[in-house]
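In what follows, a single structure is set out as structure tokens and then discussed.
The values are calculated or read from the model by the stated rules, or taken from the named source; none is laboratory data. On a predicted model such as this, the values are computed, not experimentally measured, just so you know. As a convention, Cβ positions derive from the backbone with ideal geometry for all residues, glycine included, and neighbour counts pool all protein chains shown. What goes into the accessible areas is simple: the full protein's heavy atoms, side chains included, and nothing from ligands, DNA or RNA. Shrake-Rupley method; radii C 1.70, N 1.55, O 1.52, S 1.80 Å.
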Amino acid sequence: MGSYVTGLGALTPLGNSVSGTWDAMVAGRSGISSITSFDTGDCPVTIGGEIRGFEPAAHMPRTEVRRMDPYARYAVAAAHEALRQAGVAPGVCPPERISILVGSGYGTTKLDADAVRVFDAKGARAVRPYLSAYAAIDIVTAYLSMELGAMGESFAVSAACASGTVVIGEAHRLIERGDADIVVAIGAEDSMSGKDLALTAATRALTSTHNDDPAAASRPFDRARDGFVLSSGAGAVVLESEDSVRRRGSTPLARILGYGAASDAHHITAPHPEGLGARFAMRRALAAARTDPSGIDYVNAHGTSTQLNDRTETLAIQAELGGRAREIPVSSTKSTTGHMIGAAGAVELIACVKALETGLVPPTVNCDDPEFPEMNYVAHTAQEHPLRVAMSNSFGFGGHNAVLVVAAC
């Protein structure tokens, strides 16, 4: 049955739109730089992927800008771009048939921290009442539901670095079950805060050896990789049922064929040493898509640039795709965007859709000395390939694993 992608939206360190992000991604330009939005203090990591030149007042009233966390502003902006492309506005279908979903790993980081500071400094009476709603991860779904008059299911999910993929997978399931005709699915994150940088650096997951050369910091699958780069961003997709596409005359950009998810049940931050959760998720996605490894033409890998993830993921891809793993391109777009946590999976699904549309596979930059030389990691430069079906992998802290299979229309 599947669901159809009819709208895309993105806000990333590479650009404030899908086209800006895709053009930079394909060109292999890095969005990583020295952090300027806050003082990194004594944190050993001073680089990241920041959003630049973004005007939230173009997307919401200034009162809402003041109330909303940056994470929510990014999410709304990406959703607006996707909704415009899809031609979805109030009244396009019965309101109870439109749903809004959002996924994030960290959520309303800045708003939460600011509220604690106010409480500690001035007491309970100084805390603003609107925070009871605006400091929650689901503020995005509430705000967009009211904008669209959408009365279908709306909720937020959090699955660490897999959140963006999980939320699109759940949107796909809503449509497959017949519970919605149109679903807006958004993954978003504002990771650029001192607290989040310090906390993630403390896990030793972040690279700290490239502060003087930020563009070279994210190097998935390269032997010299030493950690990922934290970034902010948002990605949004509009999914529609086949009936909705036909009734509205929508232009489908791609079709979600299958979704699979699984847990490692192994460690809070480290992947399963045999990649079992990742393998189960890939296997389930392929089964749901009713295809086998021979049907996959491209893998957008999770590819974080950590020693454990990249090795384990490569072995899992080889185990599940067999010989096909060495025949097809496998690239990590985190090499240019950095790791956008909850936004990563959504933006990477968008990259798959654009790859299917253009026949261009975005590169893995900085992959100078691949640990697995038999793999085509699309090192340095984009490649042209005939693409029909792509797989997008997302794996996260806590053992979350989620995989989408998407096809060209």
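Quick notes on this structure:
- For T269, nonlocal amide neighbours, meaning residues 5 or more places apart or on other chains whose placed amide H falls under 5 Å from its own, are G398.
- Basic side chains Lys and Arg get +1 at the Cβ, acidic Asp and Glu get -1 at the Cβ, and with that the dipole of the range 196-303 about its Cα centre reaches some 400 debye.
- Rg and Dmax, both from the Cα atoms of the range 15-85 and both in Å, are 14.4, 44.
- Considering all different alpha carbon pairs of the range 62-117, the Kirkwood hydrodynamic radius works out to 13.4 Å.
- With a 1.4 Å probe rolled over the protein heavy atoms of all chains, the accessible area of Y143, Y298 falls in the order Y143, Y298, largest first.
- Under Karplus coefficients 6.51, -1.76 and 1.60, residue-wise ³J(HN,Hα) of the range 377-387 in Hz, glycine/proline x: 8, 6, 5, 6, 10, 4, 10, 8, 9, x, 10
- Computed Kirkwood radius, in angstrom, where 1/r is averaged over Cα pairs of the range 3-154: 17.4
- Protection proxy ranking of 147-158, 62-73, by the mean of other Cβ atoms within 10 Å over each peptide's residues and highest first, is 62-73, 147-158.
- The range 214-258: proportion of alpha-carbon pairs further apart than 11 angstrom, %: 77
- C-alpha center-to-center spacing [the range 275-346, the range 145-212] in angstrom: 19
- Calculated Rg and Dmax of the range 259-409 using C-alpha coordinates, Å: 13.8, 39
- Rounded to the nearest 20 debye, the dipole size of the range 248-379 about its Cα centre is 620 debye, using +1 on the Cβ of Lys and Arg and -1 on the Cβ of Asp and Glu.
- The chain - mean residue ellipticity at 222 nm from DSSP helices (-39,500 (n - 2.57) per run, n ≥ 4, rounded to 500): -10500 deg cm²/dmol
- In order through the range 288-304: 3J(HN,Hα) via Karplus (6.51 cos²θ - 1.76 cosθ + 1.60), integer Hz, x for Gly, Pro: 5, 7, 6, 9, 10, x, 5, x, 8, 10, 7, 10, 8, 7, 4, x, 7
- At the listed q of 0.09 Å⁻¹, the Debye profile of the chain, built from one uniform point per Cα, gives log10 I(q)/I(0) equal to -0.47.
- Taking Cα centre as origin and charging only the Cβ of basic (Lys, Arg, +1) and acidic (Asp, Glu, -1) residues, the dipole magnitude of the chain rounds to 660 debye.
- In the range 22-161, a dipole from Cβ-located charges (positive for Lys and Arg, negative for Asp and Glu) runs towards its positive end, and of G149, L101, I47 it is G149 whose Cα lies farthest in that direction.
- The chain, relative contact order [Cα under 8 Å, separation at least 6], %: 24
- For the range 248-321, the Kirkwood hydrodynamic radius from C-alpha pairs, put into Stokes-Einstein at 37 °C and a viscosity of 0.692 mPa s, yields a diffusion coefficient of 242 µm² per second.
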